[in-house]
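These notes are about the structure you will find just below.
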Amino acid sequence: MTDINLFTLVFTGIWCLVGVIFTCVGIGLRRAFLRKEERLRARATGTVTEVVRRVSHSSDGASASWYPIVEFEADGRAISLEYDEGGGRKRFYEGQSVEVLYDPDDPGCFRLEGFSVTRLLGRIFLAVGLGCIAIGIVAGLGIRLFSRGFQIQ
């Protein structure tokens, strides 16, 4: 095997491997989102009663996220829970009306309509994965085509 063939194989293989890993993570996140979505059959209008700032500390420093506490009615009971998907910027405000999708068997399992970090991350991972695979294939083919007649010393 020539040096250029080995280089092309390794280069393409690395890009495609990274792409497959990212694509699998994206598909996994998408499936997790859809499984949760299937359980959320009930709908209610809720109100953001408070927005809580949580600070997490890591070796990179501290970062803050904002989590809304949402109150809604499920089966005649008032439910007040903190939404588990926060954001780096304050997206919600006190008194804001939000649509809540929840599991009628477990109202503690809910999400706010139109906002899902899991869905967004799934799409990002899927796009990056497919992009890496495309880069690996296109670059590998390009290297093969343009290297004919040239030898890497």
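Every number here is computed from the coordinates shown, using simple stated rules; none is lab data. Please read these numbers as outputs of a predicted model, since none were measured by experiment. We place every Cβ from the backbone using ideal geometry, glycine too, and count neighbours over all the protein chains shown.
Quick notes on this structure:
- The residues packed around Phe125, meaning those with a beta-carbon under 13 Å from its beta-carbon, carry a net charge of +4 if Lys and Arg are +1 and Asp and Glu are -1.
- Reduced Cα scattering model of the chain, Debye log10 I(q)/I(0), q = 0.13 Å⁻¹: -0.74
- Label point distance in nm, Ala64-Asn5, each placed 7 Å from Cα along Cα→Cβ: 6.0 nm
- Modelled spin labels at Arg43 and Ser80, positioned 7 Å past Cα toward Cβ, are 2.7 nm from each other.
- Calculated from backbone phi, Karplus (6.51, -1.76, 1.60) coupling profile of region 138-146 in Hz, x at Gly/Pro: 5, 5, x, 5, x, 4, 4, 5, 7
- Taking label positions 7 Å along the Cα-Cβ direction at both Tyr93 and Arg123, the computed distance is 2.5 nm, reported to one decimal.
- Computed from phi, the 3J(HN,Hα) profile of region 92-109 under the Karplus parametrisation 6.51, -1.76, 1.60 (θ = phi - 60°) reads 10, 9, 4, x, 5, 8, 9, 8, 10, 9, 9, 7, x, 7, 8, x, x, 9 Hz, with x in place of Gly and Pro.
- Glu71 sits among other residues whose Cβ lies under 12 Å from its own Cβ, and their net charge, with Lys and Arg +1 and Asp and Glu -1, is -3.
- For the chain, relative contact order (Cα pairs under 8 Å, six or more residues apart, normalised by length) works out to 36 percent.
- Order of Lys90, Lys36 - criterion: other Cβ atoms within 10 Å of each residue's Cβ, fewest first: Lys90, Lys36
- Seen from Val25, the other residues with C-beta closer than 14 Å to its C-beta sum to a net charge of +4, counting Lys and Arg as +1 and Asp and Glu as -1.
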